[in-house]
Amino acid sequence: MIKINVHFYDKKSSMKGACVLVLFSCIMCLSICNTNAELERLQHSPKSGGSLSFLVVGDWGRRGAYNQSQVALQMGRIGAKMDIDFVISTGNNFYNDGLKSVDDPAFEESYSKIYTAKSLQKQWYNVLGNHDYRGDVEAQLNPILRKIDAKWLCKRSFMVNADYFTNPKDHTYDWRGVMPRVKYMANVLKDVESALKYSTARWKIVVGHHTIRTAGGHGDTTELVDLFLPILKANDVDFYINEHDHCLQRISSTER
Ligand SMILES: *[C@@H]1O[C@H](CO)[C@@H](O)[C@H](O)[C@H]1NC(C)=O
């Protein structure tokens, strides 16, 4: 879990800023008919004082086990203290193999019945992780889930990780909507680049599931380093938030 408080007010210029968050799921998608569409844009107004606070959590859905319930409890406390505006999930929302269908009881057992604190009943912005693609990936994207739990919102938009494509081992992945992959990736990179380029936001924050660079066990994601990082650098992105490695790292660079 990461807590973030972004103040939109830029003291130096005395200009009100804004914040743009680009969320993408590391492994891709947009349904086939959407392949050429621009990234979907959602609006979330900041507080009247001009600030915005949110929590980020990833790699969580385990029916409360693996300390999920304990983390949820702390999120509830911190969420109240910070008066958060929303929660971001960086994916791997349901272990081990995503949701089986929109009726999968894991949705409530790993989500609705876990994040019960009042402060967490805000909009959740979720992307997908590698484990989510092992199930019926369309289920997590289906707006029907919002009838079960109104705070849920999950979309896919972006990403890349060759490993799961070329080396699925014994897992089956649901790649509907992301094929042909090269075309999908090219479109999604173009969409993210233009979203960032034309944004006048004071803060540009990008969220994804996989690491770009990491000191953790999964290692760097080469495609993100090669294809995606240059876009972040060229467009003054303030930071990138991800999960996948199950540990806390703060990575900075002396390069611009
Ligand atoms: C839960 O958290 C405790 C305390 O940090 C830790 O000792 C334990 O290994 C964790 N359990 C699991 C299953 O991760």
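Derivation of every value follows stated rules applied to the coordinates shown; laboratory data play no part. All figures in this text were calculated on a predicted structure; none of them were measured in a lab. Neighbour counts are summed over all protein chains in view; Cβ atoms, including those assigned to glycine, are modelled from backbone coordinates with ideal geometry.
Values for this structure:
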item	result
Computed FRET value (nearest 0.05) for K233 with R41, which takes r as the C-beta separation and R₀ as 22 Å	0.45
Interchain or long-range residues, amide H under 5 Å from N130's placed H	N92
In Hz, Karplus ³J(HN,Hα) per residue of segment 193-206 (6.51, -1.76, 1.60; θ = phi - 60°; x = Gly, Pro)	4, 6, 4, 6, 5, 8, 6, 9, 4, 5, 10, 10, 10, 10
Per-pair calculated FRET efficiency, R0 = 22 Å: D220 and A186 via Cβ, rounded to 0.05	0.55
Long-range amide H partners of F239 with built H, under 5 Å	K204, V206
Residue-span extension gain [S51 to Y66] - 0.36 nm each, minus C-alpha spacing	2.1 nm
Rounded FRET efficiency, nearest 0.05, which uses the C-beta distance separating R250 from T200 and R0 of 22 Å	0.20
